[in-house]
Structures are given as C-alpha cells and as structure tokens.
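The values are calculated or read from the model by the stated rules, or taken from the named source; none is laboratory data. Nothing here was measured: the structure is a model prediction, and the numbers come from that model. Only protein heavy atoms, including side chains, enter the accessible area calculation; ligands, DNA and RNA are left aside. Shrake-Rupley method; radii C 1.70, N 1.55, O 1.52, S 1.80 Å.
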Amino acid sequence: QVVGGKVKKPGKRGRKPAKIDLKAKLERSRQSARECRARKKLRYQYLEELVSSRERAICALREELEMYKQWCMAMDQGKIPSEIKALLTGEEQGKAQQNSAKLAKAGKTEANSSNP
C-alpha cells in the first residue's frame with residue numbers, strides 16, 4: 001500500500017515486543033509476588049491490631065455501662081452512690097473556685113480603676 005508517498009507494510013501496529021530474557025522475567029515476577037505477600041502481611045497485622053484495640057474499647061465501654069446500671073439501681077433504691085456524691089461535690093467546689101476567681105478579678109479591676 002502506498003499512503004502519502006510512503007509504503008506501508010500490512011500487519012500489526014505499534015512497537016514490536018522486545019525479546020525479554022525469560023529468567024529475568026521470572027525473577028521480576030517472583031519479586032513482585034514477594035512484595036505482594038509482604039504488603040498483605042502488613043495489611044493483616046494492621047487490621048488485627050485495629051480489631052484488638054476496638055475489642056478493648058468495647059470491653060471498657062461495657063464495664064462503664066455496667067457501672068452506670070448499678071448506680072441507677074442504687075438510686076432507684078434511694079441510695080446515692082459515693083462516686084456520684086464525689087462528682088457533685090467536685091463540681092460544686094469547682095464552681096465555688098471559679099466564682100471566687102471572678103470576684104478576685106473584679107476586685108482588682110475596681111481597685112485599679114479607683115486609684116488615679
């Protein structure tokens with residue numbers, strides 16, 4: 001065939017495949033397989049660690065839930081658990097400390113503004 005003044009040979013288009021050494025090709029394939037197995041192993045290790053951390057979190061949450069259930073049962077019986085009392089008194093003390101700090105700041109501000 002003559003197209004645009006050039007003679008074209010019929011057949012396949014594109015680059016001809018280079019003759020690749022069979023041993024090199026097999027070695028590259030083995031290396032690729034080794035890397036794939038290593039990636040897979042790392043992925044499974046990561047997932048196992050993730051599962052174990054989630055299981056630990058679930059256990060901790062179950063224990064916390066059980067503690068809250070016991071507190072609720074005690075409160076239903078008219079008893080206030082000591083932990084709740086401690087939380088409440090801790091909050092009251094925290095509020096009292098915040099209020100005293102605010103009053104101290106206000107007193108300093110008034111004292112500074114009254115002095116010429």
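Between Lys85 and Glu27, full extension at 0.36 nm per residue minus the direct alpha carbon distance yields a gain of 13.8 nm.
Using a probe radius of 1.4 angstrom, the carbon and sulfur fraction of the accessible surface of the stretch 22-86 is 59%. Summed over the residues of the stretch 22-86 and divided among them, the accessible surface reaches 93 Å² per residue at a probe radius of 1.4 Å.
Gain on full extension, evaluated as 0.36 nm per residue between Asp76 and Glu49 minus their Cα-Cα distance, stands at 5.7 nm.
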